Amino acid sequence: MSFTKRKAEKRLLQKRKEERERLRSDIEALEAEIRRTETVFNLTTDEYLLESAIYEHNAQKAKMNYLLKLAKEI
């Protein structure tokens with residue numbers, strides 16, 4: 001294998017590693033957001049805040065599904 005080809009493979013592996021790390025970080029941050037939304041939902045009695053928390057939680061679940069799909073692909 002040529003030096004150039006090995007260098008290109010190393011760059012590709014490094015890029016994939018960085019993508020996995022960024023994805024892991026995004027998932028962890030989203031998990032924290034979901035916990036905060038669940039706390040708001042559990043602590044509030046205002047119907048508008050409850051509705052807002054429900055919509056926000058649904059959006060977060062959709063985003064998590066997307067991130068998990070990406071994680072499976074790499």
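Before moving on, here are some points about what is shown:
- Failed item in (1) at pLDDT 95 or above; (2) surrounded by 11 or more Cβ atoms within 10 Å (Cβ to Cβ), with residue 16 passing the rest: (1)
- Residue that is nearest to the chain's Cα centre (by Cα) [pool: residues in the stretch 35-51 that are loosely packed, with under 12 Cβ neighbours inside 10 Å, among the acidic types (Asp, Glu) and not in a loop (DSSP other than H, G, I, E, B)]: 51
- Any pair with Cβ under 9 angstrom, 6 or more apart, that starts in the stretch 12-23 at a residue that is under 18 Å from residue 72 (Cβ atoms) and ends at one that is assigned to a helix (DSSP H, G or I): 19/70; 20/71; 23/67; 23/70; 23/71
- Condition check for residue 54: in a helix (DSSP H, G or I) and over 28 Å from residue 73 (Cβ atoms): yes
- Counted residues, the stretch 22-34 - those being loosely packed, with under 11 Cβ neighbours inside 10 Å and farther than 15 Å from residue 68 by Cα: 1
The values are calculated or read from the model by the stated rules, or taken from the named source; none is laboratory data. Model, not experiment: these values are computed from the prediction. Methodologically, a virtual Cβ is constructed for each residue, glycine included, from the backbone with ideal geometry; neighbour enumeration extends over all protein chains shown.
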